[in-house]
Amino acid sequence: MTYSFIKPRKKPILTLFIKIWAALFIFGIVFIIFMYFLYLTKIAFVSHSIKKQKEEVVKMQKEIKDNENLYQILLNKSKIANNIKDQNEIAKKSLKNLFDIVVQTGSITLESVDQEKDSLQLIGVTPTMEMFSLLLETPLKSIFDQSNTTYYRLSNGWYRFVSISKKNTGGCCDER
């Protein structure tokens with residue numbers, strides 16, 4: 001005896017509904033894993049970019065420090081150059097005044113003038129040692145650190161002089 005008019009069918013373990021839910025569940029897990037790896041990749045790129053930017057910042061800071069050092073060196077050289085220029089201007093004016101004195105007196109005659117970096121050699125003739133001492137030796141001593149003059153008496157009573165004036169270039173100590 002049968003109570004049913006249809007023949008029984010075997011029920012599958014996995015129904016269509018379960019298959020759809022399983023597919024959606026697997027798709028969700030794969031999507032989450034994909035997003036996780038995408039997120040890790042993005043973090044790796046950002047981390048690499050940050051590392052690169054930090055290296056550039058360190059490089060820029062080093063360049064800035066080097067440029068500041070170069071600026072200080074150039075500033076010091078500029079000060080030294082201006083100082084030398086000022087000293088040269090003073091020496092130039094003093095020597096011009098000295099030569100103007102020689103021209104104005106008319107009695108002191110210069111035969112040769114030899115100027116080097118830190119020295120000046122004058123050779124000439126003067127009527128008296130005192131005239132040379134008053135008119136030329138005093139200005140020479142004000143310009144240079146050392147001034148030595150040697151006199152040779154000529155047959156006419158005048159004096160040939162050789163004056164060597166030097167400026168100390170030691171740099172550490174100025175005894176004036």
If you check Phe5 against the conditions, is it free of Cβ contacts under 8 Å to residues at least 40 places away in the same chain, out of contact with any Gly (no Cβ under 8 Å at 6 or more places or on another chain), not acidic (Asp, Glu) and not in a helix (DSSP H, G or I)? yes
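May I ask you to list the residues in the stretch 54-89 that are hydroxyl-bearing (Ser, Thr, Tyr) and within 10 Å of the chain's Cα centre (by Cα)?
Taking the stretch 54-89 first, the residues hydroxyl-bearing (Ser, Thr, Tyr) are 71, 78.
Selection gives Tyr71 alone.
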Scanning the stretch 131-176 residue by residue, the ones that are β-branched (Val, Ile, Thr), modelled with pLDDT of 85 or more and surrounded by fewer than 12 Cβ atoms within 10 Å (Cβ to Cβ) total 1
Being part of a helix (DSSP H, G or I) and within 30 Å of Ser142 (Cβ to Cβ), is that true of even one residue in the stretch 55-76? yes
Within the bounds of the stretch 101-116, is there any residue that is part of a helix (DSSP H, G or I) and among the charged types (D, E, K, R)? no
Considering only the stretch 110-130, state which residues are over 19 Å from Phe144 (Cβ atoms) and either of a type in the set (D, E, K, R) or modelled with pLDDT under 80 (or both). Glu111, Glu130
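Could you check, for the stretch 11-34, whether at least one of its residues is more than 30 Å from Leu110 (Cα to Cα), of a type in the set (D, E, K, R) and exposed (fewer than 10 other Cβ atoms within 10 Å of the Cβ)? Full working, then the answer.
Taking the stretch 11-34 first, the residues more than 30 Å from Leu110 (Cα to Cα) are 11-34.
Those left that are additionally of a type in the set (D, E, K, R): 11, 19.
From the residues that got through so far, the ones that are exposed (fewer than 10 other Cβ atoms within 10 Å of the Cβ) too are 11.
Scanning the stretch 11-34 turns up at least one residue that is more than 30 Å from Leu110 (Cα to Cα), of a type in the set (D, E, K, R) and exposed (fewer than 10 other Cβ atoms within 10 Å of the Cβ).
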Pairs under 9 Å by beta carbon, first residue without any contact (Cβ under 8 Å) to a residue 60 or more places away in the chain in the stretch 9-35, partner of a type outside the set (Val, Ile, Thr) and assigned to a helix (DSSP H, G or I), six or more apart or different chains? Leu14/Ala22
Any residue in the stretch 156-163 that is in contact with an Asp or Glu (Cβ under 9 Å, 6 or more places away or on another chain), polar (S, T, N, Q) and not in a loop (DSSP other than H, G, I, E, B)? yes
Among (1) modelled with pLDDT under 95; (2) farther than 30 Å from Ser147 by Cα, Lys65 falls short only on (1)
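The values are calculated or read from the model by the stated rules, or taken from the named source; none is laboratory data. Quantities reported herein were computed from a predicted structural model and do not represent experimental measurements. Positions of Cβ are backbone-derived with ideal geometry, glycine not excepted, and every protein chain shown enters the neighbour counts.
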